[in-house]
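In what follows, a structure is listed as structure tokens, so that the remarks can point back to it.
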Amino acid sequence: GENVEQHPSTLSVQEGDSAVIKCTYSDSASNYFPWYKQELGKRPQLIIDIRSNVGEKKDQRIAVTLNKTAKHFSLHITETQPEDSAVYFCAASSPNTGNQFYFGTGTSLTVIP
Amino acid sequence: DTAVSQTPKYLVTQMGNDKSIKCEQNLGHDTMYWYKQDSKKFLKIMFSYNNKELIINETVPNRFSPKSPDKAHLNLHINSLELGDSAVYFCASRPRGGNSPLHFGNGTRLTVT
């Protein structure tokens, strides 16, 4: 099955700085890569996703980049704010495994005011 | 008008008991899932159902049994609860096919004493 690795496991940044979280995947047929944000005690919620026919996608302060050759994708958050503090999960989905989601191990982001 | 709803929100029980968690989605999605999130925040898939047919069953003890009376419901029954079953259990759903995000319920925090 798919193997998704995520780094770093924890990340602290000053308010206003940028944060970058990186993921790698093993199944070259994976074609859908969502990112989820999970605040303490709440459910994971989709913040952005990217499909394999696109190299980059932006939504205000959030962007995701995908390098299919290297099999890695990254989440970029600019101008971080304290409310960005949460656990972020990447995931990959492949038709080889019935489009099941395989999640990374999560990154706990803390934005220091 | 919660899209994916699960009950109960909290469940405290003793070892050896049998318990159930219910999940319903009103999104018209074809596939529903159960995920387990342990204390380290890892999101691990347990089951998925596609049109009432079990299509994935990861290495989950057979004390756990999913039951889907129709495509809008996927309940989780757990027999002979053990201490290690303590976790947050998330129900999720998505449309058939790839390239679409998971929608999570609010989670059920199970504590086995």
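The values are calculated or read from the model by the stated rules, or taken from the named source; none is laboratory data. For clarity, every value in this text was computed on a predicted model and none was experimentally measured. Quick reminder, even Gly has a Cβ in these numbers, built from the backbone with ideal geometry, and neighbours come from all protein chains shown.
Brief remarks on what is shown
- Filter result for A:Q81 (at pLDDT below 95 and among the polar types (S, T, N, Q)): no
- Screening A:S94 on (1) closer than 30 Å to B:Y10 by Cα; (2) crowded, with 17+ Cβ neighbours inside 10 Å shows it passes everything except condition (1).
- Any hit, segment A:31-49, residues being more than 30 Å from B:R109 (Cα to Cα) and either of a type in the set (V, I, T) or surrounded by fewer than 13 Cβ atoms within 10 Å (Cβ to Cβ) (or both): no
- Extreme residue, nearest to A:F103 (Cα to Cα), among residues of segment A:57-66 that are loosely packed, with under 13 Cβ neighbours inside 10 Å and away from every other protein chain (no Cβ under 14 Å): A:K58
- All positions within segment B:26-37 that are of a type in the set (D, E, K, R) and either farther than 20 Å from A:A92 by Cα or assigned to a strand (DSSP E or B) (or both): B:K36
- Residues in segment B:45-66 that are modelled with pLDDT of 90 or more, surrounded by fewer than 17 Cβ atoms within 10 Å (Cβ to Cβ) and either part of a strand (DSSP E or B) or of a type in the set (G, A, S) (or both): B:S65 only.
- Any chance A:Y88 is farther than 17 Å from A:S26 by Cβ, in contact (Cβ under 8 Å) with a residue 40 or more places away in the chain and within 13 Å of another protein chain (Cβ to nearest Cβ): yes
- Residue satisfying condition, being surrounded by 17 or more Cβ atoms within 10 Å (Cβ to Cβ), on the phi < 0 side of the Ramachandran plot, more than 14 Å from chain B (Cβ to nearest Cβ) and not hydrophobic (A, V, I, L, M, F, W, C), within set A:T80, A:T107, A:T69: A:T80
- Residues that are within 11 Å of another protein chain (Cβ to nearest Cβ) and in a loop (DSSP other than H, G, I, E, B), drawn from segment B:75-113: B:P95, B:R96, B:G97, B:G98, B:N99, B:S100, B:P101, B:L102, B:G105, B:N106, B:G107
- Cβ pairs under 8 Å, 6+ apart, first in segment A:37-53 and more than 9 Å from chain B (Cβ to nearest Cβ), second of a type in the set (D, E): A:I47/A:D59; A:I48/A:D59; A:I50/A:E56
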